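No lab work stands behind these numbers, since they all come straight from the coordinates. All values reported here derive from a predicted model rather than from experimental measurement. Cβ placement follows ideal geometry from the backbone for every residue including glycine, while neighbour counts extend to all protein chains displayed.
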Amino acid sequence: MNLRRTMSPTVQIAAIHDEAPAPASDAARFIVGQDPEGHWVAIGIHGRAGCLFRNRKAAVDYAEDETDHRPDAVLLFRERIKLRI
């Protein structure tokens, strides 16, 4: 992976967009963000996968693993998102 963006002063995460209005294609398969209570979540855009995580890095690592570390396969949302079980 050649795309790296600094998400915080101490963590660099590959293949993450700073802001994404909505998943535009099937290439973006996971959304990572916080739910209304502030928990970090990773959700498959088709609703078939999703989990709660302790922190952003864990959520991103999960999403990247699930997408075989494809560039642009994980989108980071600043708006609150809800994991439906």
Problem set entry | Sites Arg54 and Glu79 - FRET efficiency at Förster radius 25 Å, r taken between beta-carbons, to 0.05 | 0.75
Exercise. Residues with beta-carbon under 11 Å from that of Pro36, excluding Pro36: net charge, scoring Lys, Arg +1 and Asp, Glu -1?
Worked result: -1
